[in-house]
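K.L.:
One structure, pasted below without further comment.
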Amino acid sequence: RVIVAVVDNCVQWDHPDLAANMWTNTAELNGSEGRDDDSNGYADDIHGFNFVDNTTLTISTKGDAPDHGTHVAGTVAAVNNNGTGVAGIAGGSGKNDGVKIMSCQIFHDKDGGDVAMAAKAIKYAADNGAVICQNSWGYTAGTISVTDWTRGSYSALSRAMEYFNKYAGLDENGNQTGPMAGGIVLFAAGNDA
């Protein structure tokens with residue numbers, strides 16, 4: 001029942017080692033193309049959303065190779081013991097017993113992504129059932145001051161993370177709907193300095 005949002009470049013949702021563990025928004029899957037069938041503000045968000053282009057996830061636009069998002073998703077949720085690829089930390093057997101991956105695209109390959117886009121993706125993840133938010137990206141060490149983080153240009157990201165920590169796994173009335181009340185936001189360590 002655990003949904004992990006991978007906030008990164010696109011996750012290859014049809015990858016043979018990941019397809020069984022992708023989060024699926026059934027209202028959009030079974031709805032009309034180009035329409036926001038579940039009224040969450042995002043049309044066709046079947047396995048997540050592309051916040052770079054404000055559209056459904058696309059693997060092949062702008063020369064994207066969904067390499068890093070897929071790598072991160074594989075570390076978390078690649079199906080185990082299937083003779084394919086790698087074994088994920090929480091991949092299960094591929095019979096609905098692994099965590100589910102929600103792809104929240106904020107990069108095209110190595111470019112793109114900004115604070116507002118990342119903040120929208122993290123809030124989207126909390127509002128759509130994720131309780132773990134995985135971010136394998138960051139900023140150059142020492143470039144963000146406490147003032148920037150709390151009141152400046154990074155405050156939107158700070159508030160989105162606080163929102164995720166407080167509201168993930170809860171419905172609009174504050175009732176627990178996920179496996180835990182509140183979520184956890186994880187970031188990569190050691191990518192810079």
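K.L.:
Any residue that is in contact with a Lys or Arg (Cβ under 7 Å, 6 or more places away or on another chain), within 13 Å of Val11 (Cα to Cα) and not in a helix (DSSP H, G or I) - is there at least one of those in the range 95-103?
P.N.:
Within the range 95-103, not a single residue is in contact with a Lys or Arg (Cβ under 7 Å, 6 or more places away or on another chain), within 13 Å of Val11 (Cα to Cα) and not in a helix (DSSP H, G or I).
K.L.:
For the range 1-59, how many residues meet the condition of being charged (D, E, K, R), within 15 Å of Gly91 (Cα to Cα) and open to solvent by less than 40 Å² (accessible area, probe 1.4 Å)?
P.N.:
Qualifying residue count for the region: 1.
K.L.:
Next question, about the same structure. Scanning the range 138-152 for residues that are assigned to a loop (DSSP other than H, G, I, E, B) and either β-branched (Val, Ile, Thr) or at pLDDT 85 or above (or both), which turns out most open to solvent (accessible area, probe 1.4 Å)? Break it down stepwise before answering.
P.N.:
Filtering the range 138-152 down to residues assigned to a loop (DSSP other than H, G, I, E, B) leaves 138-145, 151-152.
Now drop any that are not either β-branched (Val, Ile, Thr) or at pLDDT 85 or above (or both), which leaves 140, 143-145, 151-152.
Numbers: Thr140: 84, Thr143: 74, Ile144: 55, Ser145: 54, Arg151: 178, Gly152: 27 Å².
Across the range 138-152, the extreme among qualifying residues is Arg151.
K.L.:
How about the range 16-42: which of its residues are of a type outside the set (S, T, N, Q), part of a loop (DSSP other than H, G, I, E, B) and without any contact (Cβ under 8 Å) to a residue 60 or more places away in the chain? Talk me through it step by step, then tell me what you get.
P.N.:
Going through the range 16-42, the residues of a type outside the set (S, T, N, Q) turn out to be 16-20, 22-23, 27-29, 31, 33-38, 41-42.
Next cut, part of a loop (DSSP other than H, G, I, E, B) only: 16-18, 23, 31, 33-38, 41-42.
Answer for the range 16-42, where residues must be of a type outside the set (S, T, N, Q), part of a loop (DSSP other than H, G, I, E, B) and without any contact (Cβ under 8 Å) to a residue 60 or more places away in the chain: Gly31, Glu33, Gly34, Arg35, Asp36, Asp37, Asp38, Gly41.
K.L.:
Another question, if that's okay. Test of understanding: among Ala156, Ala181, which residue is surrounded by 14 or more Cβ atoms within 10 Å (Cβ to Cβ) and outside any loop (DSSP other than H, G, I, E, B)? Explain how you work it out, then say what you get.
P.N.:
Working: Ala181 fails: outside any loop (DSSP other than H, G, I, E, B).
Answer to the check: Ala156.
K.L.:
Based on what the data block shows, is Asp45 free of Cβ contacts under 8 Å to residues at least 60 places away in the same chain, among the charged types (D, E, K, R) and closer than 23 Å to Ala118 by Cβ?
P.N.:
Answer is no for this residue.
K.L.:
While we're on this one: Just wondering, is there one or more residues in the range 76-89 that are within 14 Å of Trp13 (Cα to Cα) and under 15 Å from the mean Cα position of the chain (by Cα)?
P.N.:
Yes; the residues of the range 76-89 include at least one that is within 14 Å of Trp13 (Cα to Cα) and under 15 Å from the mean Cα position of the chain (by Cα).
K.L.:
When both residues are 6+ apart or on different chains and their Cβ atoms are under 7 Å apart, which pairs have a first residue that lies in the range 142-167 and is of a type outside the set (Ser, Thr, Tyr), and a second that is modelled with pLDDT of 95 or more and open to solvent by 70 Å² or more (accessible area, probe 1.4 Å)?
P.N.:
These pairs meet every condition: Ala160/Lys123; Asn165/Ile184.
K.L.:
Let me ask something additional. Please enumerate the residues belonging to the range 77-115 that are open to solvent by 70 Å² or more (accessible area, probe 1.4 Å), on the phi > 0 side of the Ramachandran plot and either at pLDDT 95 or above or not small (Gly, Ala, Ser) (or both).
P.N.:
Asn81, Asn96
The values are calculated or read from the model by the stated rules, or taken from the named source; none is laboratory data. Note that this is a predicted model, so its numbers are computed, not measured. All Cβ positions, glycine included, derive from the backbone under ideal geometry; neighbour counts span all protein chains shown. In case anyone asks, the SASA skips ligands and DNA or RNA and just uses the protein heavy atoms, side chains included. Shrake-Rupley method; radii C 1.70, N 1.55, O 1.52, S 1.80 Å.
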